[in-house]
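Below you'll find the structure, written out as structure tokens, and then a few comments.
The values are calculated or read from the model by the stated rules, or taken from the named source; none is laboratory data. Small disclaimer: the values here were computed from a predicted structure and weren't measured. No Cβ is skipped: glycine too gets one built from the backbone with ideal geometry, and neighbour counts run over all protein chains shown. Heavy atoms of the whole protein, side chains included, go into the accessibility calculation; ligands, DNA and RNA do not. Shrake-Rupley method; radii C 1.70, N 1.55, O 1.52, S 1.80 Å.
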Amino acid sequence: MESYRFDLVVVGAGIAGLTAAAAAAARGLRVGVVNAGFGLFVFGAGCVESRQLLPNEAPEKLGEAIEFFCDLTRRAGCPFRGGLDERRHLPTIMGSFQTIALAPFYLWNGDAAAQVRAAVVGIKGLSSFDAQFATERLNHNARRQDLNTSYVAREIELSWMPGTTATTLQLANRFDRDADFRRELQQALEPITRDTDLIILPGMLGLRSGLNEISDFERALDCPLCELPTLPPSVPGVRLSNAIERYLRKSGVEFFSGFPVRKIDLDGGRCQAVQIDAPARPLRLVGDEVILASGQFSAPLLGAEFFGVDGWLRPITRSGAVIAENLHVAGALLRSTGGHGGNERAILTGYRAGMSVAGQGGRHAAE
Amino acid sequence: MESTQVIIVGGGATGAGILWDLSLRGIPAVLLEKKDLANGATGRCHGLLHSGGRYVVKDPEAARECAVESAIIKKIAPHCVHDTGGLFVRYPQDDPTFFDRWESACRGAGIASEEVSADDALGLEPNLPKNILGAYTCPDAHVDVFQLTRSNIAAAVARGAGFRAYCEVTAINIEDGRVRSVDYRDSRTGEEGRIACEVVINAGGGWAQKVAAMAGVDVPVRCDKGSLLVLNHNLVTRVVNRCRMPGDADILVPAGPVCILGTSSMTVPGPEGLTAAAEEVQHLLDLGIELIPTMAEARVLRIFSGARPLYTPKNAGGAGGREISRGYALLDHAALDQVEGFVSIVGGKMTTYRLMAEVTCDLIASKLGVDRSCETSEEPLRLPVDPRIAVKARQILPAQAAAIAERRLGPDLVHIVNAIDERPELAEIICECEQVTRAEVEFVLGDQASVPVHTISDIGRRTRLGFGPCQGTFCGYKAMLSGYRSRRWSAAQASDEFERFLDERWKGQSFVPQGKQVEQLYLSHDLFGVTYNFHDRKEG
Amino acid sequence: MRRNDISLDNCLKCSDCVTVCPVVTAHPAYPGPKHLGPELERLRREGLPCDTEWVEYCLGCHRCDLACPNQVDVSGLIAAAKARHQKPFLRKMRDFWFARPGLLGSLLTIAPRLTNLLLGLKPVRLLMSRFLKISAKRRFPAYVAPDLGPSQAAEAGAASVLFFPGCAIRYNQPDLGRKVVQLLQRNGVRTTIATSGCCGLPALANGDEAEAKLRARAGIESLIEAVSSGTRIVTACTSCGHMLKTGFADLLGDEGELAEKSRKIAESTFDLGEFLMGRADQGLLNEAFQPSSLRLAYHAPCHQTSQGIGRPWFHLLRRVPGLRIEDLDAGCCGMSGTFGFKEEKYPVSMAVGQRLFEGIRDADPQMVVTECATCRMQIEHGSRVKAIHPAELLLAAYSEQGQS
């Protein structure tokens, strides 16, 4: 059976998995990441909500983890803004507000507490988004929540359309590929900037763009800009995922994408290998350390004995026995109630797992 | 005061059938429904158009009725029927003597049936278990109950009848032993009103007892809960029955893109607030796996429960749900209870709804001195589609979307075609699972629709929007925007409607077994609960 | 339950597949994999008419399958729809030949010089464009009389493999085939050359399921004996490798004995790079490489990525001292075998390749390295940079006159 050897194998490429991989890779470890599909964080572009962690949960490493994550996103070209003490009210396509502590820069300007006049811009023919609807709901909810921003709806028309209607994904692809399209979009937005302080667009500013492209666009427009995550596929989130993955690949992290983990070989109190369901025969990835960060539905990989984790995020049984000493759990899998684990928890546990592994040094780093 | 001749209470298949029958006889009528059409037992069944095979051994009379009625419905409403045919499969674990009894009873009842070998049966339905002994064919079919109800109402409305959804009857006013009028309350607006009438027909199904009580009359109805599982795709292409005495979970019906397994049988206090507990779901699934073993791996989309309204007059004794006759009863309360102008039609089953309407209307017609006889067994429920419009639809829509729209809309297809002609962006497919266009959604939301909609779920009952794998997660939002854009709802109303819709869809999935649908549900929660901070009251 | 059925039930409509589809990025009106695959298949089961021209535009790159968090066989469902799709006559004629590179190759290499002369003539290419809908902008690869050298007799104690050359190597690049044999030899592995014909993937890609099944059956017959005695099959063409690993079983999965044989063949099939990495794992790789100063860019072919074996060649080449290699990580090249040759699909093919071409331009390498023959064609066509199979470079690195 063929195997690939790593200092660390991370299962899952959500916020927790990517952060863990980055933390270990930054310490010089040879890291392999196994994933199938995007992490759930893409829906909301990885925003960290202000209300996620209860005060008694706040652990000492949190500040460090957040700092690391912000640095990671900066290097990846999609920097996060904000901090743990921030509370920004960012709009959604439902016209509600999310209370956000940290968000990618292209969402961060949307704070509803600012006393500004913001234009929600719709695009003629764009499906699943209605600026007028969002505006009405945003104004209503802003009044209800004592937020100062007032919203107006605007519609622009673009000469380039893929058909009679378009999706944000199609527009984002165009944004990536076509400078003329970017120029046209900018020209269409310009008149709106004259009587508003902020442009709010449905998320469409590219899947492969980053700080450079979007800042250029914003500068040319000469008006602050923010995006709204839309129904999936949500462009701002996919952009973030693409950026971090691209950065990690460049940093030497090896991705094994597209095949689920079939089995984690547990033997003698250690995780011997991670078996990927590759075509023809399973691919065995051997990691000195393994981090499982593939969401709530991967709990069965840990076996029926799995009950919780110890202080080092190692899975334990009900009686407290460690299931595998070189295995760590991060992200949504740590949440007993199921569902989205929360990005703050993902950053914290991903970072902690990655760092505790990095603390062990790495044998395969030399290559 | 507003007035009409006949008021029908209850917008299930029977009430709708009565409305249509009366309109063909030229008798003015208004149908009042407390929610939307097919909200009760009609909308919560398999959608099996019984050939009669299921009842043939136990109740040959009912079987004969089914055989006749299902043939009529195939003729008058072909657009509602998917004539799949059915199989009665002989399983080795079932009583072999029943097979012969079934076969000879079919001959007696005039139900066309042929024996097929096990190999041939497996050729027809490869998902059947390999150890079956053989099977019989029968003319079972699937009927889209929502379409059927809607078509009856639409046809009646076109002839001047009235239909009001979300209109709950609050009182039946009786003076001098005669029905004089009905009070109603619009449950959405709170608006109240009174309609004068000569006759009230109680077609309340599970609510029939409650309706009758308003007229001071007791109509004993027992509600027998049946729960059904919706599976994501067609595991079988024809109706598969287990050839045995009717029991739990022994029918699987291919119902459009999904298939439906049912049912259980359990007496419940009333028709409201029905849920299926996890054990009940597991029980159904276990039996379903006996029927079709691949079901063990199949995805359950949702679970729903309906209440069969069984008429239980005092002399019926203490029989349980399946023992009570599925036959119907027409009660003339003038003779029974000295209330002139009040009639109840209770019991029965969806397949015989037309017959139930016929006998009811015969009685009403004689009461009112109208001597036109019933025409519903001959008169098509819907006019054919203009072939030129159908061709045009195929030019402007993808093949499958055009075929679906044609089947669903019939002559109304012209409105869709014209709307897209005028505004090409309306060709957008809003519900991907069921290929519903924005044009169709805006049409059913609009004034031209003869059976108006009020909620996103109502749109679903007209178009199947939200009935597919995503269970409204993606299309619900777009339907909400359509309602807003077509000025049907204000932003606040639209948002409220969407929240209610999500609630209902999430509820239907809350007991699905572990598997992909649970993941789908979490996806929906993540999106609208976490990401949009919009809706977080329910947890799966 | 049949694989397709599970796959159908697994779709959560999340659109991850649409997000990564290269055709969606290049052809704005393309409805995307979710619709063409699971969505339409579900309706097709209901008996609705679901045929659409768009299925022809699927590249078969499998990126949708890989992006799916629920392992829906999206591209498999599209391929099944493609097999049912009705095509106009001229395209049917053309695709008949495109589906049969083995037959085409054996005919065109009867007189290879004449073939190459004719295929190079502008009028001939214009005629082909007019009557066979083959883009005149494309140049056909040169055809060479097949000569892969002799098989090597098995030797006691020495590892031996069965080399499955595939049509591109057999008819267009037999020299590459000979180099593969040499490379294996330098690593102490003796090679037998399989007599098999086409693997059948082009037939599948051109919607000719019957032909694909025929090829799969023939392939199984020609390979099963060696495999049963424990010999490993090695491929140097990623598409052949992908087909041997997944396609045979997909096509013949319901056919009892053949299904079993195809599973055996799949388990025994190794990409050459994967095979050598396995040797490296066991400390058996000959690492006597001469230093090199080459500056290369690596492009991972889609059918390499879809094999789920990581990037063996990228890591093998990095073992050559001094050699610099950068992974372009730029997605599908857009060629997809015969897809890029088709008149009506040429613009899409080039638009898909745009990101790769830009990546090559930015990296400015001396050469691009990639395992797939049609990827190399596309890269040379779209970027004017020479593209080469990594086996050639690795073999050259052993030689004292290495290209340093």
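Summary table
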item	result
For a label point 7 Å along the Cα-to-beta-carbon line of B:Gln493, residues of the range A:131-146 with backbone N under 17 Å	A:133-134, A:136-137
Chain A: antiparallel DSSP beta bridges as a percent of all, rounded to 5	40 percent
Tensor-based shape of the range C:134-216 (alpha-carbon gyration tensor, a/c under 1.5 rounded, otherwise prolate or oblate)	oblate
10 Å Cβ neighbours from other chains, averaged over peptide C:304-316	4
Largest to smallest accessible area among A:Tyr351, B:Tyr328 [probe 1.4 Å]	B:Tyr328, A:Tyr351
Summed buried accessible surface, chains A and B, 1.4 Å probe, nearest 100 Å²	2700 Å²
Computed accessible area, C:Glu326, all protein chains, 1.4 angstrom probe, square angstrom	80 Å²
Delta accessible area of at least 20 Å² on complex formation, residues of the range B:411-429, 1.4 Å probe, chain isolated as reference	B:Pro424, B:Glu425, B:Glu428
Between helix A:131-144 and chain A: long-axis angle, C-alpha atoms, 0 to 90°, nearest 10	80 degrees
Protein-only accessible surface order, largest first, of C:Glu371, C:Glu344, B:Glu114 at 1.4 Å	B:Glu114, C:Glu344, C:Glu371
Most fluctuating residue given options A:Ser294, A:Ser159, A:Ser209, as computed from a GNM of chain A linking Cα atoms under 10 Å	A:Ser159
Under 28 Å from the Cα of B:Lys225 - lysines, other chains or at least 8 residues apart	B:Lys34, B:Lys35, B:Lys58, B:Lys74, B:Lys210, B:Lys314, B:Lys349, B:Lys507, B:Lys516, B:Lys538
Around C:Cys167: net Lys/Arg minus Asp/Glu count, Cβ-Cβ under 11 Å	+3
Sulfur and carbon atoms: percent of accessible area, chain A [1.4 Å]	45 percent
Nearest-ten-degree value, helix A:62-76 long axis tilted from longest Cα axis of chain A	70 degrees
Net charge contributed by nearby residues that have their C-beta within less than 14 Å of B:Leu368 (K/R +1, D/E -1)	-2
For residues of C:29-35, the mean tally of beta carbons on other chains within 10 Å	3
Carbon/sulfur fraction of accessible area - the range C:287-396, other protein chains in place, 1.4 Å, %	49 percent
Theoretical ellipticity at 222 nm over chain C - DSSP helices of four or more residues, -39500 (n - 2.57) apiece, nearest 500	-13500 deg cm²/dmol
Total accessible surface hidden between B and C, rounded to 100 Å², 1.4 Å probe	2400 Å²
Label point at C:Asp281 placed 7 Å out along Cα→Cβ; residues across the range C:311-330 whose backbone nitrogen lies under 13 Å	C:311-312
Test item: B:272-280 mean partner chain Cβ contacts at 10 Å	0
The range C:159-277 - percent relative contact order, Cα under 8 Å, separation 6 or more	27 percent
Size of charge dipole - the protein assembly as shown - debye, nearest 20, with Cβ of Lys, Arg +1 and Asp, Glu -1, no other charges	3200 debye
Prolate/oblate/rounded call for chain C, Cα gyration tensor, a/c under 1.5 rounded	rounded
Solvent-accessible heavy-atom area per residue, rounded to whole Å², over the range C:224-337 at 1.4 Å	33 Å²
With every protein chain in place, the range C:92-143: carbon and sulfur % of accessible area (1.4 Å)	71 percent
Segments C:204-216, B:213-225 sorted - mean Cβ within 10 Å per residue, highest first	C:204-216, B:213-225
Estimated FRET transfer efficiency when R0 is 45 angstrom, pair B:Lys314-B:Asp286 (beta carbons, to 0.05)	0.75
With Cα atoms, 0 to 90° folded angle of helix C:256-268 axis to chain C main axis	40 degrees
Nearest-10 value in Å² for the accessible area of B:Lys58, using the 1.4 Å probe	90 Å²
With all protein chains modelled, accessible area of C:Ser239 [1.4 Å, Å²]	20 Å²
Protection proxy ranking of B:172-184, B:459-471 - average other beta-carbon atoms within 10 Å, highest first	B:459-471, B:172-184
Cα shape, chain B, gyration tensor, a/c 1.5 rule	rounded
Buried on assembly, the range C:42-86 (at least 30 Å² less accessible surface than by itself, 1.4 Å probe)	C:Arg42, C:Leu43, C:Arg45, C:Glu46, C:Leu48, C:Pro49, C:Leu66, C:Asn70, C:Gln71
Of C:Arg125, C:Arg113, C:Arg190, the one that fluctuates the most in a GNM where chain C has Cα springs shorter than 10 Å	C:Arg113
Per residue accessible area of chain B, 1.4 Å probe, in Å²	35 Å²
DSSP bridge pairs, the range A:76-231: antiparallel proportion in percent, nearest 5	30 percent
Rounded accessible area per residue of the range C:1-88, 1.4 Å, Å²	28 Å²
Computed E for A:Val322/A:Glu64 - FRET, C-beta separation, R0 22 angstrom, nearest 0.05	0.30
Cβ-derived FRET efficiency at R0 25 Å, B:Asp371 paired with B:Asp176, nearest 0.05	0.40
Pairwise burial C:A, computed as accessible area of each alone minus the pair, summed, 1.4 Å, Å²	3200 Å²
Chain A: relative contact order in percent, alpha carbon pairs under 8 Å with at least 6 residues between	26 percent
Mean Cα-pair separation over length for chain B, i.e. relative contact order, pairs under 8 Å, 6 or more apart, %	16 percent
